[in-house]
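Right, one structure below, let's go through it.
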Amino acid sequence: MTITINRPEVRNAIDEQTAQGLAAALEELDPDPALVAAVLTGAGGTFCSGMDLRAFLAGERPSTEGRGFAGIVEQPPAKPIIAAVEGAAVAGGFEVALACDLVVAAENARFGLPEVKRGLVAAGGCCGCPGVCRTTWPWSGRSPASTSAPNGRPRSGS
């Protein structure tokens, strides 16, 4: 199963409808014996830029009951999810990638939590995702959350 976040006009920012769609797609994964994994990607050269702030200001909440932000970060499915990251995976988009079991990054991939540069906390799920702090970048042996969260500087995928 391939799931594509298809909102390239807003760098695949997550609004309520997108979160509901992701959650619905993931609900199909576990019960289907023909599916063994899912690949999550973004359209238009960007993985995901996080929450759609315009939609949020209009009153939308890009979370789903039981699954949390983007329909994935609090309760991913039992079957593996592979994040195919091209371009930016920043803010909530980084948290979505961290909720996946494996991240495959293109040369142009960028990961980061810019919220800290604005005095905000990345609270969509990164701080509470099971295993996030145990996940490590293979080249550094350090957690991706621990290397970007304190200073907000993006990390390269290469």
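Any idea what the dipole of segment 1-55 comes to, in debye rounded to 20, about its Cα centre with Lys/Arg Cβ at +1 and Asp/Glu Cβ at -1? Spell out each step's value before the answer.
Values: 3 positive and 8 negative charges, 63 e Å.
That gives segment 1-55 a dipole magnitude of about 300 debye.
What are the GluC sites (Glu not before Pro) within segment 29-76 that DSSP puts in a loop, where the Cβ has at most 12 other Cβ atoms within 10 Å?
Details: sites: GLU60, GLU65, GLU74; in loops: GLU60, GLU65, GLU74.
Filter output for segment 29-76: GLU65.
Note the full-extension length gain between ALA24 and ILE82 as 0.36 nm times their separation in residues minus their Cα-Cα distance, in nm to one decimal.
That pair, ALA24 and ILE82, stretches by 19.2 nm at full extension.
Strictly greater than 22 Å: what percent of every Cα pair in segment 1-123 meets that? Don't jump to the answer; show the numbers that get you there.
Numbers: 2034 of 7503 pairs.
Here the tail beyond 22 Å accounts for 27 percent of pairs.
Each value in this text was obtained by applying a stated rule to the coordinates, not by laboratory testing. Quick caveat: nothing in here was measured; it's all calculated off a predicted structure. For neighbour counting, all protein chains shown are included, and Cβ atoms are generated from backbone atoms with ideal geometry for every residue, glycine included.
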